[in-house]
Amino acid sequence: MAYKITDPLIGAQPIAVTDTTQNHQLGTIVRAEDSTYGAGEFIYLKGVASTAVGSMVDYDSYLATTALSPATGGVGPVAVAMSANVASQYGWYQIAGVAAVKAPNAMTAGADVFSLAATPGSVDDAAVNGEQILNAKVSVTTGTPSTGLGLIAINRPFHQGQVS
């Protein structure tokens with residue numbers, strides 16, 4: 001994925017690059033385009049340990065911090081890492097468009113998206129109470145664009161939270 005930022009942003013850190021230097025204000029949102037996946041929106045955040053390309057993270061828009069999306073009990077907005085943006089580094093996370101998300105199990109196109117209980121930062125289409133990611137739908141089965149990833153259409157996704 002070769003997203004190019006389309007918004008005017010001086011000295012823009014490329015979408016797929018992680019950096020130890022903070023190049024933009026945390027929480028900055030930009031639009032970018034890719035010739036294969038189309039347009040998307042991205043938020044600039046500080047990384048967290050064990051983040052890989054495609055990891056789903058929970059983020060706090062006020063503090064601009066991230067945590068790998070938990071298997072259970074997640075609450076609030078989520079985004080998809082565009083780089084291996086680990087602790088003490090800075091990078092872009094996708095919040096809208098077609099995102100390549102860690103998805104180790106087969107999924108059905110058009111299905112709802114849920115946190116994967118066995119692997120924080122990953123998703124699945126198996127319905128589990130309190131683990132649904134709203135504003136997200138499976139676009140293509142696992143293995144696209146590569147092994148362990150699935151394409152998910154997102155629009156400012158967030159955890160549903162517990163349903164009783």
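When restricted to residues that are out of contact with any Gly (no Cβ under 8 Å at 6 or more places or on another chain) and within 15 Å of Leu26 (Cα to Cα), region 71-94 contains 3. Exactly one residue among Ala12, Ala52, Ala39 is of a type in the set (A, V, I, L, M) and part of a strand (DSSP E or B), and that residue is Ala39.
Scanning region 63-87 for residues that are assigned to a strand (DSSP E or B), in contact (Cβ under 8 Å) with a residue 60 or more places away in the chain and either farther than 19 Å from Asn135 by Cα or not aliphatic (A, V, I, L, M) (or both) yields a count of 2. When the residues of region 99-138 are filtered to those that are assigned to a strand (DSSP E or B) and of a type in the set (Gly, Ala, Ser), the one that is surrounded by the fewest Cβ atoms within 10 Å (Cβ to Cβ) is Ala100.
With the condition kept exactly as written, say whether any residue in region 31-54 is open to solvent by 40 Å² or more (accessible area, probe 1.4 Å), under 15 Å from the mean Cα position of the chain (by Cα) and among the charged types (D, E, K, R). The answer is yes, given that some residue of region 31-54 is open to solvent by 40 Å² or more (accessible area, probe 1.4 Å), under 15 Å from the mean Cα position of the chain (by Cα) and among the charged types (D, E, K, R).
Search region 75-95 for residues being of a type in the set (Gly, Ala, Ser) and open to solvent by 10 Å² or more (accessible area, probe 1.4 Å), and hand back the single one that is nearest to Thr18 (Cα to Cα).
Ala84
Taken over region 88-140, the criterion of being in contact (Cβ under 8 Å) with a residue 40 or more places away in the chain, under 15 Å from Pro157 (Cα atoms) and among the aromatic types (Phe, Trp, Tyr) is satisfied by Tyr93 alone.
Within region 12-30, residues that are closer than 13 Å to Tyr93 by Cβ and open to solvent by 40 Å² or more (accessible area, probe 1.4 Å) have Cβ atoms under 8 Å from residues that are among the aliphatic types (A, V, I, L, M) and outside any loop (DSSP other than H, G, I, E, B) in these pairs: Leu26/Leu45; Ile29/Ile43; Ile29/Ile95, counting only partners at least 6 apart in sequence or on another chain. In this structure, is Tyr59 part of a strand (DSSP E or B) and within 24 Å of Gln160 (Cβ to Cβ)? Judged against the criteria, Tyr59 is a match.
Of all the residues in region 55-74, those that are under 19 Å from Ala100 (Cα atoms) and either open to solvent by 50 Å² or more (accessible area, probe 1.4 Å) or among the acidic types (Asp, Glu) (or both) number 1.
The values are calculated or read from the model by the stated rules, or taken from the named source; none is laboratory data. Note that this is a predicted model, so its numbers are computed, not measured. We place every Cβ from the backbone using ideal geometry, glycine too, and count neighbours over all the protein chains shown. Accessible surface areas use protein heavy atoms only, side chains included; no ligands, DNA or RNA. Shrake-Rupley method; radii C 1.70, N 1.55, O 1.52, S 1.80 Å.
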